[in-house]
Amino acid sequence: MIEVMNIQKRFGEKEVLKDVSFRVNDGDVIAVLGPSGSGKTTMLRCLSFLETADGGKVIFDGKEYDLHHSSKKDILNYRKKIGFVFQNYQLFGNKTALENVTEGLIIARKMDKKEAVDRGMKALERVGMLDHKDFYPSRLSGGQQQRVAIARAMVSEPGVIFFDEPTSALDPELTGEVLNVMEKLADEGTTMVVVTHEMEFARRGADRVILMEDGLIVEEDSSDVFFTSPKTDRAKAFLEGIRGR
Amino acid sequence: MTERILQELIESFPKLLLTALKVTVPLTAISFTIGIMIALMTALVQIAKIPVLRQLARFYVWIIRGTPMLVQLFVVYFGLPSIGITMSAFPSAIIVLSLSVGAYCSETIRGAIESVPKGQLEACYCVGMTFPQAMRRVIIPQAMTAAFPPLSNSLIGLVKDTSLAYSIAVVEIMAQAQRIASRTYDYFWLYLEAGLIYLIICTLLTWIQRLVERRMERKR
Ligand SMILES: Nc1ncnc2c1ncn2[C@@H]1O[C@H](COP(=O)(O)OP(=O)(O)OP(=O)(O)O)[C@@H](O)[C@H]1O
Ligand SMILES: [Mg+2]
């Protein structure tokens, strides 16, 4: 279980996250929706210590982490228990697909090389990229790169994987293969927090939906309720806006 | 060109070549190796924004880039003894050349490191790596690929800069050519031959550079 408490973050004058709290149960898939600029990316970045929050805590794996200041050692340990999938994949350009997946195991976790390769191959197989294991990222399509990135994030079997709009940078015809992989992960019980504009994924793949606006969570529901009978006007307006498009 | 001069040039060629192998090549190789290490550290303390060291690094680059190498050679070789630091010519040349490579190449390397998408560093963090691990395994290797052509240029420039060590009495190719010529007064031909030696070294290096670049191209 991961419990996020009172994240706050401002950039200069702008209060990007006002007070964000939520909870993710093991095996849950949470879709985070919201208009552009509502703070979704910033929230995930704070939760990965890529951005230092001004306040807030996260309780994860029985340990409490201060998002404003944690020691380097705590941050390092925490990061070994999460996975992050970026909008732009961010594969290591000097490593093959397989090396991208095994690098963290071997270098950060000091895993035996043979075991790491073993696990890496399994992870690539799960995302359907085993036949491309020796390809460098520049030889892969966006969808293939993102699937390798997903394998890289899940190979260590983290307690939660954060996705930041994993299909937004893809050509429309490539989003399907990535969403399929994510739905498969979800079905297999992976705990996921997914920032997305893909309503179809939120509806089918997610257990719960969080709607963010202006640095606040304005509605939180099971995904069925959110899409059929949203409680707040803002959620209704948001859904209207989407259907209108 | 008379037969006598041709004869002289043929005889002097191995001598010049030997000087190149014994002085110019080691001077270049040692200075470049040390220089690249200085450059890397200088670039890294600026990128990691380490206080004090970062300002020091910028000061160092400013000084070295803003003053002629000839002045630096004179300061180290002729100037330092007056405050009690005496060194022979060869190590003095190594110091000055290394510092020069360090300053110029640090900018190249810094640019190359910054050219690697910042997200890759964050991706390293998210698989649990530390900053040094990320640099060593992911960022610097890619930066070096990007920096390879300009660094090769610097290396070739350095080969020619070693001739400045002549001014502090290092017996390198120029000094050797002059010595030989002073016996017969065929300066014109011997200096041309000295130039030829440099040309050979630089051509070889250019050739190696192409080879390596082609190999790196394949590994992507
Ligand atoms: N590094 C930064 N410095 C200053 N302002 C920032 C920075 N990062 C984000 N912001 C601002 O914070 C606000 C929230 O940004 P964020 O990227 O979290 O939104 P988002 O919900 O992910 O939007 P999108 O759907 O467009 O990705 C925006 O107004 C943005 O301009
Ligand atoms: Mg975003």
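Some points to look at:
- Shape category assigned to the protein assembly as shown from the gyration tensor of Cα positions, a/c cut at 1.5: prolate
- A cut-off of 5 Å between modelled amide H atoms, ignoring neighbours fewer than 5 places along the same chain, links A:V218 with A:L211, A:M212, A:E213.
- Tensor-based shape of the stretch B:3-219 (alpha-carbon gyration tensor, a/c under 1.5 rounded, otherwise prolate or oblate): oblate
- Order of A:D171, A:D61 - criterion: other Cβ atoms within 10 Å of each residue's Cβ, fewest first: A:D171, A:D61
- Angle of helix B:140-161 to the longest C-alpha principal axis of chain B, folded into 0 to 90 degrees and rounded to 10: 20°.
- The magnitude of the dipole of chain A, with charges of +1 and -1 set on the Cβ of Lys/Arg and Asp/Glu and taken from the Cα centre, is near 680 debye.
- When the trypsin sites (Lys or Arg not before Pro) in the stretch A:1-110 are filtered for DSSP coil states and for at most 10 other beta-carbon atoms within 10 Å of their beta-carbon, the remaining sites are A:K110.
- Folded to 0 to 90 degrees: helix B:89-115 orientation relative to chain B principal axis, Cα: 40
- Prolate/oblate/rounded label for the stretch B:1-126 (Cα gyration tensor, a/c 1.5): oblate
- Couplings 3J(HN,Hα) of the stretch A:110-118, computed from phi: 6, 6, 4, 4, 5, 5, 4, 4, 4 Hz, in residue order, whole Hz [Karplus 6.51 cos²θ - 1.76 cosθ + 1.60, θ = phi - 60°; x for Gly and Pro].
- Derived scalar couplings ³J(HN,Hα) [the stretch B:176-185; Karplus, 6.51 cos²θ - 1.76 cosθ + 1.60; whole Hz; x for Gly, Pro]: 5, 4, 5, 4, 5, 5, 5, 6, 10, 6
- Between helix B:25-47 and chain B: long-axis angle, C-alpha atoms, 0 to 90°, nearest 10: 20
- Listed cross-link partners A:K18/A:K184; A:K14/A:K236; A:K18/A:K73 are compared with a 32 Å cut-off, the Cα-Cα value being larger for A:K18/A:K184.
- Rounded to the nearest Hz, the phi-derived 3J(HN,Hα) couplings of the stretch B:68-82 under the Karplus curve 6.51 cos²θ - 1.76 cosθ + 1.60 (θ = phi - 60°) are x, 5, 4, 4, 4, 4, 5, 4, 5, 7, 9, x, 4, x, 5, where x marks glycine and proline.
- Built amide H within the under 5 Å cut-off of A:E198, gap 5+: none
Rule-based calculations on the coordinates, nothing more; no lab input. As the structure is a computational prediction, the values presented were derived from the model and not from experiment. Cβ coordinates were reconstructed from backbone atoms using ideal geometry, including for glycine residues, and neighbour counts include every protein chain displayed.
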